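*Asks:* The structure's right below; bear with me while I get my questions together.
The values are calculated or read from the model by the stated rules, or taken from the named source; none is laboratory data. Keep in mind it's a predicted model, so treat the numbers as computed, not measured. No Cβ is skipped: glycine too gets one built from the backbone with ideal geometry, and neighbour counts run over all protein chains shown. Side chains are part of the model used for accessible areas, which takes the heavy atoms of the whole protein and leaves out ligands, DNA and RNA. Shrake-Rupley method; radii C 1.70, N 1.55, O 1.52, S 1.80 Å.
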Amino acid sequence: FLFVFFTEEERRVRANDREYNEKFQYASNCIMTSKYNIITFLPVNLFEQFQEVANTYFLFLLILQLIPQISSLSWFTTIVPLVLVLSITAVKDATDDYFRHKSDNQVNNRQSQVLIGVTLLYTVYVFQADLLLLSSSEPHSLCYIETAELDGETNMKVRQSLSVTSELGDPNNLAQFDGEVVCEPPNNKLDRFCGTLYWKDCKYPLSNQNMLLRGCVLRNTESCCGLVIFAGPDTKLMQNSGRTKFKRTSIDRLMNTLVLWIFGFLVCMGVILAIGNAVWEKEVGALFQSFLPWDPPVDNFLFSAFLSFWSYVIILNTVVPISLYVSVEVIRLGHSYFINWDRRMFCSRSNTAAEARTTTLNEELGQVEYIFSDKTGTLTQNIMTFNKCSINGRAYGEVMDILGAQQKRVQPLDFSAWNPLADRDFCFYDQSLLEAVMVGEPAVHEFFRVLSLCHTVMSEEKREGVLVYKAQSPDEGALVTAARNFGFVFRSRTPGTVTTHELGKAVTYTLLAILDFNNIRKRMSVIVRNPEGRIRLYCKGADTVLFERLHSCNHELMNITSDHLNEYAGDGLRTLALAYRDLSEEQWEAWAERFRGADKATDCRDDRLAAVYEEIEQDMMLLGATAVEDKLQDGVPETIAILSLANIKIWVLTGDKQETAVNIGYSCKMLTDDMTEIFIVNGHTVQSVREELRYNAPPSSLLESISGEFALIISGHSLAHALEADMEREFLETACACRAVICCRVTPLQKALVVELVKRHKKAVTLAIGDGANDVSMIKTAHIGVGISGQEGIQAVLASDYSFSQFRFLQRLLLVHGRWSYLRMCRFLCYFFYKNFAFTMVHFWFGFFCGFSAQTVYDQYFITLYNIVYTSLPVLAMGIFDQDVPEQRSLEYPKLYEPGQLNLLFNKREFFICIAQGIYTSVVLFFIPYGVLSHATQSNGVPLADYQTFAVTTATALVIVVSVQIALDTGYWTAINHFFIWGSLGTYFTILFAMHSSILFNIFPKQFHFLGSAHNTLGQPVVWLTIALATVISIAPVLAFRFLKLDLKPQLSDTVRNTQLVLQKKRKPGGRVGRGSRRSGYAFAHQEGFGELITSGKNMRLSSMALATFASRHSSSWIDTLRRKKHANSTGAQNTPPTGEDSAASSQTPPLSTSSSAAGKAGQACNEPVLTHSPDDIALSVIRCPEREVGECSTGTVQVNIHLKTSSSTNCILWG
């Protein structure tokens, strides 16, 4: 066969000509995301499962066990666990694929009307292919769509067909349509389309405004019809979906390495025992050849050793437990359900619960070091309000008294009294602006006329006088709503007109042209003709762009307006400048001719249009500027402060400008007044960026010590150079030396590149969080992706690993669920490897006493059931439910999160410690029963030194020892833990006595040989004494080590638990609570039309002294602090005010860490402070207070109480 691969250079589609279209073999419209069908499921799934090294290894062992000369175990000891594991995984995969099939069927069977024989789609509600819009039921063939599935924007957009095809709505006309489209090949560019329609010997240019893409939803349009251009995998939606990167946790990678090491260890043990077999057979076994010859085909001691090697590989295979992987998946599934069920991560306002969209990354949540966050809709609410404006040099929005002082806003203006079309939810407080409208100031009227005409908002009138605006961006909707309330009401539009109500009078403007917004132009304009025939261009856009295009006579007004804009930026508001230009009829006609020529161009159309736009947008007259506000989401500053205390570095990647970036940093408490310096990198060339980075970069020897002192802000054009191969390390070193990093004016691709840079060089766990389609690449690139289900659609959620509705839930996801998942998984793995080495190594020691004959210590049923019945449920219960401290303490002591970042709880060192403990336990379990029973006798004088008595004793001791060990390892007891641990012990004894009963012996006499052996063995007191002795010797060193470690080198979690016990015994009475810290308003400015959604907000600032203390304290390791425990104890009595019971209670509280503690639960009572003592005699008490009466803590505040020792007998107490 000859396969020819070619790249499609252009797409040709001819209407009503199936034979012509089929010769190109274009893709069908069927979408298939499923992996299996009924026929392929079993072979494909088994093939995938056996790509796992462990599964292939156990299949190999099963084959070996079928060889009688090798195996001393029955084949079912391996096949039962293997089949169980394969079955559970297959059921899980089948369930997942069933839902994929269900989703595919739902998508592929969406109803549409297709004319037979033609590639036309009719009456579509959710578009299933990329269509060229031919006509619609709306006037002028307009079509209204939502594109949330494509770009994350929930606002309504408009598309329009060519005028020549607008009459094709009738089925008879559609059947006669024979136009041909020649266009670009399939690509992933959502915002552009270039093609040409050839019909009736004419050609017509096609653009993105004529296209209806797959995934769009039809709104406010009864029906439409179109020509399918791209189908199935060729559609732009599917081209953009890309491949989701397979994400694996660091524990997974470590575990694969450890399993390979265990394989090597297993081979070494097999070699040692095989060598022992060769020596024994040569020196001792030869003496028995006359009456105990070798079994065929063994004819010499070397071949016997070879077979013995494989026999021991089979016997010792349980050091690599096949149930390990299934147990890990079950535990992860349980952790995912805990996230889904967490009511404290449920947002009642949006009725949205947290969702774990993956089950493989839960423990990675406990190891995050870097968070990369979007701003709009993630840190902010993305709900804009018109706040202030500047018109003709006068600022409006602030209410001043006669002395010029700002008055407190008491009552918003009532617009409904004179404007029946006003939006009742709109709030504005400056009466002077309304008076200016009422008296008819021309500049004010023209200002609001611009806002009512220069936009792409769609209006829907639910009923008479009730308008609903569908805007491209929230800030554009806020501006049109502001004009509506001040009497300039946008009512409706057609392709050629815009109808408004100006102070109660209906006015229809002829819409001559729309000069659309894009990220390069940073502005949009409309050209309209008013009813009197005057032509005027209205423009709004970024001040830096608009001011360059003003007439020279605007210089003085521009300076005044610039001052207002700077003031608005300082208040954290998004700004736009407004201007206009009058055009003569001759100017319009000449420009319109050039515009039509550029619009019809087939090559470089966008560049030609931009050049034509530039011609007309000159010599404009400045009207003023607008300022809209977007406040931060609830709890954002507190969340960032707490995560910073957990040694998590937060980088904000935003599309906003530099001034906005600085203000968002202050709003979120990422930037503080106490920082040594804020570095700003704003170079436009490679050399300038390199010089700024080298000037700003601190010495490498001081990176760790100054990490809390500096901040870095870098712009998008500088970042493009900083990410180049020869400069990225310098940028990364500078950024990582700073406490806060903010990248502004960045593209979606740059967001992903920054994340990839940190992943590649820092080897740290990264988390990306965002809410829009522009965050998808960043979310997919990071180790963990979190989607915010907010105002910008669900594209980010669909690409994420975890999702919720509020940024503040991130602290609970990481500090509670993430930390617990990491802790539980580490404890599970440590115990799992311990119990399996304790179980398996007994066979190794027994080999030296049985002539290396590959005889097993335990019976084959015990070997089969040990991992899947006797010890599986207790370790699963610990892995799912265990916790070291309650959730409140996890939030109050962020330093508890650091062990996960440092990977302290499960690493190669901890693995070898577990292995050593398991080997020690195996030595005790073998030699103690061996030494005792070899000389013990029954009460009747019969020796106890028989094989089955030894096997039952050793097995019973093993089950009891590992059960006691998991009881010691369990830090949080539930009824399930009790039931599983003691129930497993009961199950062992039940099965043991059943297998040695006469009932099974009578049914299966060849399988159960040792009738009554269990009853006889466990009826001997010496056996129970032996088991007790083995248990004590196995457990005593562990207890001694833990007590010494707790006393000499306690972990922070141990100290927190001890503190909790002290506080419970002697609760400190709550003192008088002062007012919360003062508010400092920070937000961010912005210039934009309807492209990027960059927003700002303001919120309360923590006390700068407290934040400075936090920054300086949290960089120290808590481990170093614990080493200075004695010093802290010696000064602990002086760290608290000597006030009766308070002092007594505090003196009993051991030192926690050098870090401060932030309050956790929002509802925590004010009389439950978190006490933190440091070696430097500074105590911080951070309390989050709920809503209280006047005189107490205000809603949502954080109170910081600093007790500073000033002398040996006095304390200075500062209340923040």
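*Asks:* Would you please name the chymotrypsin sites (Phe, Trp or Tyr not before Pro) within the stretch 951-1018 that are DSSP coil residues with at most 16 other C-beta atoms within 10 Å of their C-beta? Don't skip to the end; give the middle numbers.
*Replies:* Details: sites: 972, 973, 979, 980, 982, 988, 989, 993, 1001, 1008, 1010; in loops: 972, 973, 1008, 1010.
Sparse-neighbourhood loop chymotrypsin sites (Phe, Trp or Tyr not before Pro): 972, 973.
*Asks:* What whole-number value in Å² describes the accessible area per residue of the stretch 924-974 for a 1.4 Å probe?
*Replies:* Accessible surface, normalised per residue, equals 36 Å².
*Asks:* In nm, what is the difference between 0.36 nm times the number of residues separating residue 248 and residue 18 and their Cα-Cα distance?
*Replies:* Numbers: separation 230, 0.36 × 230 = 82.80 nm, distance 4.67 nm.
Fully extending the segment from residue 248 to residue 18 adds 78.1 nm.
*Asks:* Okay, moving on. With a probe of 1.4 Å, find how much accessible area the stretch 807-901 has per residue, and write the answer as a whole number in Å².
*Replies:* 18 Å²
*Asks:* Please list the non-local residues whose amide H lies under 5 Å from the amide H of residue 515, H modeled 1.01 Å from N, same-chain partners needing a gap of 5 or more.
*Replies:* 525, 526, 527
*Asks:* Can you list which of the GluC sites (Glu not before Pro) found in the stretch 510-600 are DSSP loop residues with at most 15 other C-beta atoms within 10 Å?
*Replies:* Numbers: sites: 532, 548, 556, 567, 585, 586, 589, 593; in loops: 532.
Sparse-neighbourhood loop GluC sites (Glu not before Pro): 532.
*Asks:* If you take the beta carbon distance between residue 182 and residue 439 as r and set R0 to 60 Å, what does 1/(1 + (r/R0)^6) give as a FRET efficiency, to the nearest 0.05? Could you put the intermediate results ahead of the total?
*Replies:* Working: r = 59 Å, r/R0 = 0.98.
That pair, residue 182 with residue 439, gives E of 0.55.
*Asks:* If you roll a 1.4 Å probe over the stretch 316-405 with all protein chains in place, what percent of the accessible area is carbon or sulfur?
*Replies:* Working: 1810 of 3360 Å².
Carbon with sulfur: 54 percent of the solvent-accessible area.
*Asks:* Determine the gain in length on full extension of the stretch residue 1065-residue 685; use 0.36 nm per residue of separation and subtract their C-alpha separation, reporting nm with one decimal. Walk me through the numbers on the way to the answer.
*Replies:* On the way: separation 380, 0.36 × 380 = 136.80 nm, distance 6.46 nm.
So the chain would gain 130.3 nm between residue 1065 and residue 685.
*Asks:* Now for a separate question. How do 599, 582, 775 stack up against each other in accessible area, from largest to smallest, with a 1.4 angstrom probe?
*Replies:* Values: 599 50, 582 75, 775 0 Å².
In descending accessible area the options line up as 582, 599, 775.
*Asks:* Given H placed 1.01 Å from N in the peptide plane, which residues other than close sequence neighbours of residue 195 have an amide H under 5 Å from its amide H?
*Replies:* 206
*Asks:* With a 1.4 Å probe and every protein chain left in place, tell me how much accessible area residue 889 has, in Å² to the nearest 10.
*Replies:* Accessible area, nearest 10 Å²: 30 Å².
*Asks:* When the Karplus curve 6.51 cos²θ - 1.76 cosθ + 1.60 is applied with θ = phi - 60°, which whole-Hz ³J(HN,Hα) does each residue of the stretch 385-397 get, with x for Gly and Pro?
*Replies:* 10, 5, 10, 9, 7, 10, 10, 6, x, 10, 8, 10, x
*Asks:* Right, something else. Among the trypsin sites (Lys or Arg not before Pro) within the stretch 499-541, which fall in a DSSP loop and have no more than 14 other Cβ atoms within 10 Å of their own Cβ? Working shown, then result.
*Replies:* Values: sites: 505, 521, 522, 523, 529, 534, 536, 540; in loops: 521, 522, 534.
Within the stretch 499-541, the qualifying trypsin sites (Lys or Arg not before Pro) (loop, at most 14 other Cβ atoms within 10 Å) are 534.
*Asks:* Which of rounded, prolate, oblate describes the stretch 520-654, given a ≥ b ≥ c as roots of the alpha-carbon gyration tensor eigenvalues and a/c under 1.5 marking rounded, otherwise prolate only if a/b is larger than b/c?
*Replies:* Numbers: a/c = 3.17, a/b = 1.89, b/c = 1.68.
Since a/c reaches 1.5 and a/b is larger than b/c, the shape of the stretch 520-654 is classed as prolate.
*Asks:* If each residue of separation counts as 0.36 nm, what is the full-extension length gain between residue 417 and residue 912 once their alpha-carbon separation is subtracted? Don't skip to the end; give the middle numbers.
*Replies:* Numbers: separation 495, 0.36 × 495 = 178.20 nm, distance 7.89 nm.
That works out to 170.3 nm of additional length.
*Asks:* Next up: Quick one: how many Å² of residue 898 are accessible to a 1.4 Å probe, rounded to 10?
*Replies:* Answer for residue 898: close to 10 Å² accessible.
*Asks:* Next up: Enter the accessible area per residue of the stretch 186-333 (Å², integer; probe 1.4 Å; all protein chains in place). Let's see the in-between values first.
*Replies:* Details: 6900 Å² over 148 residues.
Using a 1.4 Å probe on heavy atoms only, each residue of the stretch 186-333 averages 47 Å².
*Asks:* Ok, one more. Probe radius 1.4 Å, ligands and nucleic acids left out: which of 969, 96 has the largest accessible area, and how do the rest follow?
*Replies:* Values: 969 30, 96 65 Å².
Reading off the accessible areas and sorting them downward yields 96, 969.
*Asks:* Quick check: pseudo-label points 7 Å beyond the Cα along Cα→Cβ at residue 295 and residue 25, how many nm apart are they?
*Replies:* 5.9 nm
*Asks:* What translational diffusion coefficient, in µm²/s and rounded to a whole number, does the Stokes-Einstein relation yield for the stretch 221-380 at 25 °C and a viscosity of 0.890 mPa s, taking the hydrodynamic radius as the Kirkwood radius over Cα pairs?
*Replies:* Values: Rh = 22.8 Å.
Roughly 108 µm²/s, to the nearest whole number.
*Asks:* If you don't mind, another one. Sequence-distant or interchain residues sharing an amide H contact under 5 Å with residue 322, placed H: which?
*Replies:* Those lying under 5 Å, H to H, from residue 322: there are none.
*Asks:* Is there a pair in 649/1065; 35/157; 375/895; 236/522; 157/759; 23/102 whose C-alpha atoms are over 30 Å apart, and which pairs would that be? If you can, show how the numbers build up before the last one.
*Replies:* Numbers: 649/1065 37 Å; 35/157 36 Å; 375/895 26 Å; 236/522 25 Å; 157/759 38 Å; 23/102 32 Å.
Correct reply: 649/1065; 35/157; 157/759; 23/102.
*Asks:* Using a 1.4 angstrom probe on heavy atoms only, work out the carbon and sulfur share of the accessible area of the stretch 882-1001 in %.
*Replies:* Working: 3220 of 4640 Å².
Exposed carbon and sulfur together represent 69 percent of the surface.
*Asks:* While we're looking at this one, here's another question. Under a crude label model (7 Å from the Cα following the beta-carbon direction), how far is residue 993 from residue 1044 in nanometres?
*Replies:* 4.1 nm
*Asks:* Going from most exposed to least, what order do 717, 335 have by accessible area with a 1.4 Å probe?
*Replies:* Numbers: 717 70, 335 5 Å².
Most to least solvent-accessible, the answer reads 717, 335.
*Asks:* Tell me the accessible surface of residue 729 in square angstrom (1.4 angstrom probe, heavy atoms of protein chains only), to the nearest ten.
*Replies:* Estimated to the nearest 10 Å², residue 729 gives 120 Å².
*Asks:* While we're here: How big is the Kirkwood radius of the stretch 766-839, worked out from every pair of different alpha carbons and given in Å to one decimal? All intermediate terms of the calculation are to be shown ahead of the outcome.
*Replies:* Numbers: mean 1/r = 0.0729 Å⁻¹.
Answer for the stretch 766-839: a Kirkwood hydrodynamic radius of 13.7 Å.
*Asks:* Here is a further query. So if I take the centroid of the Cα atoms in the stretch 1006-1057 and the same for the stretch 319-395, what is the distance between those two points in Å?
*Replies:* Value for the Cα centre distance between the two parts: 43 Å.
*Asks:* FRET efficiency for residue 348 and residue 425, Cβ-Cβ distance as r, R0 = 22 Å, nearest 0.05? Walk me through the numbers before you get to the answer.
*Replies:* Numbers: r = 20 Å, r/R0 = 0.92.
The calculated FRET efficiency here is 0.60.
*Asks:* Then there is this: Can you give the convex hull volume of the alpha carbon atoms of the stretch 849-922 per residue, in Å³?
*Replies:* 132 Å³
*Asks:* Further, regarding this structure: Starting at the first residue of the stretch 752-764, write each ³J(HN,Hα) from the Karplus equation 6.51 cos²θ - 1.76 cosθ + 1.60 with θ = phi - 60°, in whole Hz, x for Gly and Pro.
*Replies:* My calculation for the stretch 752-764 gives 5, 5, 5, 4, 4, 4, 5, 4, 6, 9, 8, 6, 10 Hz in order.
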